[in-house]
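These notes are about the structure you will find just below.
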Amino acid sequence: MSAGESTYVPKSGLARWFDSRLPIARFAHDTMLTYPTPKNLNIWYTFGGILAIMLVLQIVTGIVLAMHYVASDKLAFDSVENIMRDVNYGWLLRYAHANGASMFFLAVYIHIFRGLYYGSYKAPREILWILGVVIYVLMIATAFLGYVLPWGQMSFWAATVITNLFSSIDQIIPHFGTAIATWLWGGFAVGDPTLNRFFSLHYLLPFVIFAVVGLHIWALHVPGNNNPLGIDVKGPQDTVPFHPYYTVKDAFYLALFFLVFAAFIFYAPNFVGEVANYEPANPLVTPTEIVPEWYLLPFYAMLRSIPDKLAGVIVLFGALAVLAVAPWLDTSKVRSIRFRPMLKPFFWLFVLNCLLLGYLGAKRPDAVWHLAGIDISLVWPARLGTAYYYAFFLLILPIVGLIEKPKPLPDSIAKPVLKAE
């Protein structure tokens, strides 16, 4: 679905002059105002716009925080405390930035699961999906780098544990993994050069994300939006202009989203924070348990469930790679799981499995479940969860797509909409 002929008409001589030389106004008009959008998009389609707003918020608050932050192993922790106590509204900026990362990931997880449920990764939107996965990987990298910057106990030891994982690559390519770890450290251990590198990369990557988001939106506008029915639009009767129909709708849900965001900032700013990170980094004292932020816990559970270090790293990065190739693993010609009765329970089990992995990632490695008088190590549920994660993409999507009988698809978007009226 393309926007077709432009309906933009410059209303002044100056506007016509600009339009003939740099048609930014025409581009904005055609892509954000009159762009034909499927008329049946629901609440789950608002999170794309929410993510764009959150990205801008993270960049703006991050730039201001960088003006007061000192990337030094001796001054970083104190500079963060100075931001909180002495910089005008510094506490608000920091809490907005820290909690903004959590809200950013909350929105992106909803966005990903919505894409999986409605088949937004299937042809002709494969490039759109891959760019989305690239954005997600860049978000993970940016979030990890930012987690290190406060230079508290959890920051220091999280950096130590994660960067040491690269050394396992030496088993495949001798000295290569150690070279990567040494470059990240800027020496032979996590220290002042590491903090400088992480700060520079944390500042840079959001702008890279912004550029990839631009490509993501461009790729969206070539085939057009998917919709909950997963069918192609048949004509103008299936669409409405993006403005005012979806601008008003998205603004309403964005306001609700920001109410929740504000509740965390003002009433529970440290709800997802780690107490140990309010202690200065100490290389001589290891915390009793080292955990990442909540939005990385499923991957952390996968990593810890594998006893071999190299195998754990492969499983960790493979979990992201398999997500990127989902368009070619799903063999069904039907996009939306609404019409795929056999796949639907597997999908919801996949969602529950991801939540379970997040729960297990937050637990101690030696934790156990007490069931009917039997102690079960939580390592085994994590291994089963990891296995199901891979099985969903590598086995369930290909096999179910071949053997299931989908429900009949509607003839068009307009017919079911009109029928419900």
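Values in this text are rule-based calculations from the coordinates and carry no lab data. Owing to the predicted nature of the structure, the values given are computational and were not obtained by experimental measurement. Glycine gets a Cβ as well: all are built from the backbone with ideal geometry, and neighbour counts include every protein chain shown.
The aspartates and glutamates whose alpha-carbon is closer than 14 Å to the alpha-carbon of Lys74, local same-chain residues fewer than 8 away aside, are Asp192, Glu279. Please state the shape class of the range 1-132: rounded when a/c is under 1.5, otherwise prolate if a/b exceeds b/c and oblate if not, all from the C-alpha gyration tensor. Oblate is the answer for the range 1-132, as a/c is 1.5 or above yet b/c matches or exceeds a/b. Annotation: aspartates and glutamates with alpha-carbon distance below 18 angstrom to Lys363 (same-chain offsets under eight excluded): Glu274, Glu289, Glu293, Asp375. Site pair Arg364 and Thr7 shows an inter-label distance of 6.4 nm when each label is modelled 7 Å from Cα along Cα→Cβ. Were the residues from Phe317 through Met342 laid out at 0.36 nm apart, the gain over their Cα-Cα distance would be 6.1 nm. For Lys234, which lysines qualify as cross-link partners when the Cα separation must be under 27 Å and same-chain residues fewer than eight apart are set aside? Cross-link targets: Lys39, Lys122, Lys249, Lys333, Lys344, Lys405, Lys407, Lys415, Lys419.
Just so you know, the averaged projected area of the alpha carbon convex hull for the range 160-284 sits at 13.9 nm². The residues packed around Thr46, meaning those with a beta-carbon under 13 Å from its beta-carbon, carry a net charge of +1 if Lys and Arg are +1 and Asp and Glu are -1. Counting pairwise Cα distances across the range 113-226, what percent come out greater than 16 angstrom? Percentage above 16 Å: 67. Our helix-only sum for the chain, with -39,500 (n - 2.57) per DSSP H run of n ≥ 4 divided by its residues, gives a mean residue ellipticity at 222 nm of -19500 deg cm²/dmol.
With both labels modelled 7 Å from their Cα along Cα-to-Cβ, the Trp328 to His175 distance reads 3.4 nm.
Here the range 44-282 has an Rg and Dmax of 20.4, 64 Å, counting Cα atoms alone.
Just to be sure I understand: with springs between alpha-carbon atoms less than 10 Å apart, which residue in Val285, Val322, Val233 has the highest mean-square fluctuation in the Gaussian network model of the chain? Checking each option, the largest mean-square fluctuation is seen for Val285. In the chain, the longest principal axis of the Cα atoms and the axis of helix 343-361 are about 30 degrees apart.
Most exposed first by the Cβ proxy, i.e. fewest other Cβ within 10 Å, how do His202, His68, His175 rank?
On the way: His202 22, His68 15, His175 11.
Taking fewest neighbouring Cβ atoms as first place, the list is His175, His68, His202.
Across the alpha-carbon atoms of the chain, the computed radius of gyration and Dmax are 23.8, 82 angstrom.
Compute the separation of the alpha-carbon centres of the range 281-355 and the range 209-277 and state it in Å as a whole number. After rounding, the separation between the Cα centres reads 23 Å. In terms of packing, defined here as the mean over residues of other Cβ atoms within 10 angstrom, the peptides 209-216, 378-385 line up highest first as 378-385, 209-216. For the range 326-342, the residues whose backbone nitrogen is under 19 Å from a point 7 Å from the Cα of Leu395, taken along Cα to Cβ, are 326, 329-332, 342.
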